[in-house]
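To start, the structure under review is shown below, and the notes come after it.
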Amino acid sequence: MSVTQTGTSRQTGTRIRAWKPLALTAAAVLIGVTLPTAAASPAVATTDAYDDTYYQDAIGKTGPALKDSLHTIISDQTKVSYSAVWNALKATDQDPNNSNNVILLYSGTSRSKSLNGGDTGDWNREHVWAKSHGDFGTSTGPGTDLHHLRPEDVRINSIRGNKDFDNGGSAVSGASGNFTDSNSFEPRDSVKGDVARMILYMAVRYEGDDSWADLEPNDSVTNGTSPYHGRLSVLKQWNDEDPPSAFEENRNEIIYDTYQHNRNPFIDHPEWVEAIW
Ligand SMILES: [Ca+2]
Ligand SMILES: [Ca+2]
């Protein structure tokens with residue numbers, strides 16, 4: 001069954017997404033069919049306000065050609081220092097309901113912007129792509145790339161440590177919906193897709209053609225200090241289950257407009273995850 005894409009309205013810059021699951025559901029209601037709802041459908045093709053401009057060279061490509069094209073596009077960026085990351089996160093991760101606060105990635109807590117630091121009760125700079133995976137540290141580069149840096153409670157950040165991402169484990173106290181075991185971490189449902197899209201951004205942005213390691217996803221949870229991050233099969237599932245939210249799109253926009261002037265393509269086009277991996 002084919003589903004017609006809705007048109008774009010690039011003239012006004014409005015972003016329109018055409019979600020196949022919604023269209024299918026509407027059709028099923030009309031003809032009285034019950035659809036299975038257990039599994040998330042793969043992310044479907046979307047149109048984006050930047051397709052004619054920022055993504056012009058990538059449109060129509062797939063597989064390695066798409067990855068190559070996106071790498072070229074997103075590598076044209078401004079870089080920020082690690083000390084500048086604090087103030088940037090106060091903008092990108094501001095609580096939409098309280099401009100004095102940021103939202104912490106895993107715990108979901110809204111916490112005062114002024115509590116940035118290293119003490120108990122503070123929030124600090126979580127590297128979603130664990131900085132030991134490729135050993136890039138906090139020098140200006142992958143370790144300061146805002147597309148994978150998020151505010152997190154100091155204690156929860158430490159519990160996540162440098163673990164790969166996977167489903168399962170015991171509940172994390174103080175961070176409802178998060179689970180961890182000896183070698184992996186599972187974030188709460190509403191940020192699972194965010195985590196996947198951040199990891200996969202890093203894989204496309206860093207290809208080993210500069211002074212940094214070639215970062216790549218794999219299906220392991222024992223990557224240690226290798227420049228790999230797992231688990232790809234689970235990250236792909238999370239990308240499908242948790243499509244980009246307004247919060248995620250807003251932070252992509254702020255990073256693009258104000259700080260780095262590059263975008264996370266998987267927030268604009270989540271279906272490109274399947275097109276590449
Ligand atoms: Ca989300
Ligand atoms: Ca790479």
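Any read-out appearing in this document is the output of simple, stated calculations on the displayed coordinates, not a laboratory observation. In this text, all values refer to a predicted model and were calculated from it rather than measured experimentally. As a convention, Cβ positions derive from the backbone with ideal geometry for all residues, glycine included, and neighbour counts pool all protein chains shown.
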Please list the non-local residues whose amide H lies under 5 Å from the amide H of Asp95, H modeled 1.01 Å from N, same-chain partners needing a gap of 5 or more.
-> Asn101, Val102, Ile103
Taking 0.36 nm per residue of separation between Ser182 and Ser245 and subtracting their Cα-Cα distance, the length gained on full extension comes to 19.7 nm
Report, in debye and to the nearest 20, how large the dipole of region 180-277 comes out about its Cα centre when Lys and Arg carry +1 and Asp and Glu carry -1 on their Cβ.
-> 200 debye
What is the gain in length, in nm to one decimal, between Asn87 and Ile59 on full extension, counting 0.36 nm per residue of separation less the C-alpha to C-alpha distance?
-> 6.7 nm
Signed unit charges on C-beta, dipole axis of the chain, positive-most listed residue Ala91, Leu146, Pro243 | Ala91
Surrounding net charge for Trp212, when Lys and Arg each add one and Asp and Glu each subtract one, Cβ distance under 14 Å | -4
Could you give the angle, 0 to 90 degrees to the nearest 10, between helix 63-75's Cα long axis and the longest principal axis of the Cα atoms of the chain?
-> 50 degrees
What are the ³J(HN,Hα) values, in whole Hz, obtained from phi via the Karplus relation 6.51 cos²θ - 1.76 cosθ + 1.60 with θ = phi - 60°, for each residue of region 155-163 in sequence order, with x given for Gly and Pro?
-> 5, 5, 4, 5, 5, 5, x, 10, 5
Highest-MSF residue in the chain out of Gly224, Gly121, Gly193 [GNM, Cα springs under 10 Å] | Gly121
Helix 192-205 sits off the longest principal axis of the Cα atoms of the chain, rounded to the nearest 10 on a 0 to 90 degree scale, by 80 degrees
Long-range HN-HN contacts of His229 with modeled amide H, under 5 Å = Glu216, Asn218
Could you calculate the contour length gain from Trp277 to Asp257, that is, 0.36 nm times the residue separation minus the distance between their Cα atoms, to one decimal place in nm?
-> 4.4 nm
Top of Trp212, Trp238, Trp129 by mean-square fluctuation, Gaussian network on the chain, Cα under 10 Å | Trp212
Given backbone amide H placed at 1.01 Å from N, residues whose amide H is under 5 Å from that of Phe179, ignoring those fewer than 5 places away on the same chain, are Val172, Glu186
Treat every Asp and Glu Cβ in the chain as -1 and every Lys and Arg Cβ as +1, leave all other atoms uncharged, and give the resulting dipole magnitude about the Cα centre to the nearest 20 debye.
-> 460 debye
The farthest towards the positive end of the charge dipole of the chain, of the residues Ser110, Tyr201, Asn157, given +1 on Cβ of Lys and Arg and -1 on Cβ of Asp and Glu, is Ser110
Sum up the charges of everything whose Cβ sits under 10 Å from the Cβ of Val172, counting Lys and Arg as +1 and Asp and Glu as -1, but leave Val172 out.
-> +2
With a ≥ b ≥ c taken as the square roots of the eigenvalues of the C-alpha gyration tensor of region 61-276, please select rounded if a/c is under 1.5 and otherwise prolate if a/b is larger than b/c or oblate if it is not?
-> rounded
